[in-house]
Amino acid sequence: MTTKAFNCKRMNEVKRGDRIIILYGETGTGKSTFINAVAGCDAAKVDHTLKGSANRIEVFKITGPDLKPFVLVEAPGVDTSNNDSSKLGLWLHDQKNPPVAGVIYLRRITDNRMSNAQINTLDSLSTICGIDAASHIFVLTTMWDVPATARQIEREREFKTDFCSIKAALGECKLLRMENTKKQTTREITRAARQTVQEVLDRDPCRLLVGRQMRDSKGDYRGTAVGKVEEKSKGFRGFFRGLFSK
Ligand SMILES: Nc1nc2c(ncn2[C@@H]2O[C@H](COP(=O)(O)OP(=O)(O)OP(=O)(O)O)[C@@H](O)[C@H]2O)c(=O)[nH]1
Ligand SMILES: [Mg+2]
């Protein structure tokens with residue numbers, strides 16, 4: 001892929017045959033930033049506030065001079081205290097469960113612990129995809145620019161061995177980096193982001209388990225495996241939840 005600015009159009013729905021990549025991860029992990037790096041322009045709203053961006057699905061169709069169009073879908077940022085992927089489940093159902101090329105799970109390499117909330121997010125992700133789509137999960141670590149240290153590299157290795165391998169459905173996931181160190185130019189960052197996208201698009205598309213289960217439960221997210229997993233992990237909602245709720 002070239003580094004020329006792609007045409008990036010926000011839309012509500014996808015069409016049959018669209019090549020789809022879903023971006024999934026906790027709020028603030030850099031999903032919108034990644035979309036803009038791929039597009040080569042400020043298409044998605046990068047949120048610098050503590051509250052984070054709106055709790056809805058954002059869909060971007062990207063076209064360029066010498067590539068087949070593809071669609072990046074930003075799932076609402078998973079909120080660490082309220083693990084809930086229902087909007088993604090409902091969107092897939094509304095779109096008639098289209099095949100997707102891959103799901104990119106974003107994780108900040110600067111996070112120095114694997115919290116219970118993050119483990120719950122991984123549980124949700126693996127249950128959303130199901131075993132059949134496990135090989136379509138990519139883990140993309142972000143924030144390598146602040147600053148990339150030997151510890152971060154060790155943490156990346158640890159995540160791969162300890163967390164990817166113990167999750168049956170994540171066993172085959174591929175670990176990628178959002179290459180945006182301070183030494184890189186914007187063009188280089190864009191080129192790296194597009195290589196990541198290309199790697200995902202190289203897979204034959206497949207359908208996610210949650211989409212099939214949404215159809216079986218007639219659109220009721222609570223009837224899906226991930227809906228049940230998340231219901232069990234709902235946490236305490238106290239003073240600070242009220243303070244930061246969107
Ligand atoms: N230094 C640095 N900051 C980053 C990076 N990626 C994202 N950020 C910052 O992190 C904040 C959140 O980034 P977003 O791209 O809005 O994160 P998001 O995952 O889309 O967040 P939600 O939409 O709330 O789920 C912004 O202030 C970004 O500038 C990165 O790789 N390095
Ligand atoms: Mg965002």
Being over 19 Å from ASP204 (Cα atoms) and in contact (Cβ under 8 Å) with a residue 24 or more places away in the chain: is that true of VAL103 here? no
What are the residues in the range 70-99 that are in a loop (DSSP other than H, G, I, E, B), away from ligand 2 (no atom under 13 Å from the Cβ) and at negative phi, if any? THR80, SER81, ASN83, ASP84, SER85, GLN95, PRO98, PRO99
For the range 14-33, enumerate the residues that are within 7 Å of ligand 1 (Cβ to nearest atom) and not in a strand (DSSP E or B). THR27, GLY28, THR29, GLY30, LYS31, SER32, THR33
Taking the range 119-133 and keeping residues surrounded by fewer than 19 Cβ atoms within 10 Å (Cβ to Cβ) and not charged (D, E, K, R) leaves ILE119, ILE131
Selected residue (only one of SER85, SER53 is of a type in the set (Gly, Ala, Ser), over 24 Å from LYS160 (Cβ atoms) and buried (at least 16 other Cβ atoms within 10 Å of the Cβ)): SER53
What pairs come out if I take residues in the range 43-62 that are within 7 Å of ligand 2 (Cβ to nearest atom) and pair them with residues that are assigned to a strand (DSSP E or B) and among the hydrophobic types (A, V, I, L, M, F, W, C) whose C-beta lies under 7 Å away, six or more apart or interchain? ALA44/PHE60
Going by what's in this entry, would THR224 be described as within 25 Å of VAL78 (Cα to Cα) and either surrounded by fewer than 18 Cβ atoms within 10 Å (Cβ to Cβ) or of a type in the set (S, T, N, Q) (or both)? yes
Look through the range 50-82, keep the residues that are of a type in the set (A, V, I, L, M) and more than 9 Å from ligand 1 (Cβ to nearest atom), and return whichever of them is farthest from the chain's Cα centre (by Cα). LEU67
Scan the range 204-216 for residues that are surrounded by 15 or more Cβ atoms within 10 Å (Cβ to Cβ) and either free of Cβ contacts under 8 Å to residues at least 60 places away in the same chain or among the polar types (S, T, N, Q) (or both) and jot them down. GLN213
Checklist (1) outside any loop (DSSP other than H, G, I, E, B); (2) modelled with pLDDT under 85; (3) in contact with a helix residue (DSSP H, G or I) (Cβ under 8 Å, 6 or more places away or on another chain) applied to GLN184, failing item: (1)
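The values are calculated or read from the model by the stated rules, or taken from the named source; none is laboratory data. Quick caveat, the model's predicted, so the values are computed rather than measured. Don't worry about glycine lacking a Cβ; one is built from the backbone with ideal geometry, like all the others, and counts go over all protein chains shown.
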